[in-house]
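The values are calculated or read from the model by the stated rules, or taken from the named source; none is laboratory data. These numbers were taken from a predicted model, which means no experiment stands behind them. Using ideal geometry, Cβ is built from the backbone for each residue, glycine included, and neighbour counts are taken over all protein chains shown. Just the protein is used for accessible areas: all its heavy atoms, side chains included, with ligands, DNA and RNA removed. Shrake-Rupley method; radii C 1.70, N 1.55, O 1.52, S 1.80 Å.
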Amino acid sequence: SQQGEEDPQALSIQEGENATMNCSYKTSINNLQWYRQNSGRGLVHLILIRSNEREKHSGRLRVTLDTSKKSSSLLITASRAADTASYFCATFTSGTYKYIFGTGTRLKVLA
Amino acid sequence: DVKVTQSSRYLVKRTGEKVFLECVQDMDHENMFWYRQDPGLGLRLIYFSYDVKMKEKGDIPEGYSVSREKKERFSLILESASTNQTSMYLCASSFWADSNQPQHFGDGTRLSIL
């Protein structure tokens, strides 16, 4: 079963606006990761946040993690048309060897 | 950069055929994974391997098997292909899973079973 559930399922914004995607999960985790998938391609790792971290930045990306609410958010600032893609969260729990992916958010950035 | 290479981007096979999907990684990763991706269902884990000749079932192993004879290569086998196995197949690799490392993905194989 899918642990991560992204919200919204789809998002359409204008270039230059910020995009926020949310992810909820069900069990204790060691880390949570965000990936991007361009149409018809594989997934590309964006950022990893550990369970003892609350916020992390990488370029135009900002990720937050609230382990008490079992949720994470990904903020993309000043979006560009090239950010158009699907975004997935994935959780990892020690001892399982498995990364559990959500169903993704489809982001469309209009030029 | 880590490179995960899947042998085919597109593949068309017939029902009942035995199908092999190959994946090679060049970063000496211990772990390798096979997923299938279907609209609305996200990525579902079929099998993974944490060492040569070792394999573990994922969430949807039925109808599939895997082989890992060398560390860099992980093969997914559809024993007798069926139309419900038409999907996008993604291979991934990572370092030892407990080290907070991300997965690295290939570009995927879009498999159609006719």
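Below are the figures for this structure:
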item	result
Single match in A:Tyr35, A:Tyr25 (criterion: within 12 Å of chain B (Cβ to nearest Cβ) and either under 30 Å from B:Glu56 (Cβ atoms) or open to solvent by 40 Å² or more (accessible area, probe 1.4 Å) (or both))	A:Tyr35
Test: B:Leu76 is within 14 Å of chain A (Cβ to nearest Cβ), touching a residue at least 40 places away in the same chain (Cβ under 8 Å) and assigned to a strand (DSSP E or B)	no
Candidate set from region B:89-112 (those that are open to solvent by less than 10 Å² (accessible area, probe 1.4 Å) and in a strand (DSSP E or B)); member that is farthest from the other protein chains (Cβ to nearest Cβ)	B:Leu111
